[in-house]
Amino acid sequence: MAEEKKVGRFEALKAEFNKIVWPSGKSATKQTVATILVSVVLGLIITVIDMGVQYGVDILMNL
């Protein structure tokens, strides 16, 4: 009986994997490039904000 449950679970898993729609290579490349660019831009924005806050705090501390 335990063997039947394992086979049933495997068949269900296989059926779920057949429902997956994989992106094309071109689409995956575009999405990867977009993700990297957004990450770099956000990193730069956070760096600029951090440096500005640090500069402001340094000015306030030296008054």
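Summary of values
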{"read-out": "Distance in nm between pseudo-label sites at residue 46 and residue 20 (7 Å out along the Cβ direction from Cα)", "value": "2.9 nm"}
{"read-out": "Probe 1.4 Å, accessible area per residue of the chain, Å²", "value": "97 Å²"}
{"read-out": "Nearest-ten-degree value, helix 2-18 long axis tilted from longest Cα axis of the chain", "value": "60 degrees"}
{"read-out": "Among (1) 27, 27, 18; (2) 26, 22, 19; (3) 79, 35, 10, the entry that matches Cα extents along the principal axes in Å as calculated here", "value": "(3)"}
{"read-out": "Using alpha-carbon coordinates, inclination of helix 25-61 to the longest axis of the chain, degrees", "value": "30 degrees"}
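The values are calculated or read from the model by the stated rules, or taken from the named source; none is laboratory data. On a predicted model such as this, the values are computed, not experimentally measured, just so you know. Virtual Cβ from ideal backbone geometry, glycine too; neighbours counted across all protein chains shown. Accessible surface areas use protein heavy atoms only, side chains included; no ligands, DNA or RNA. Shrake-Rupley method; radii C 1.70, N 1.55, O 1.52, S 1.80 Å.
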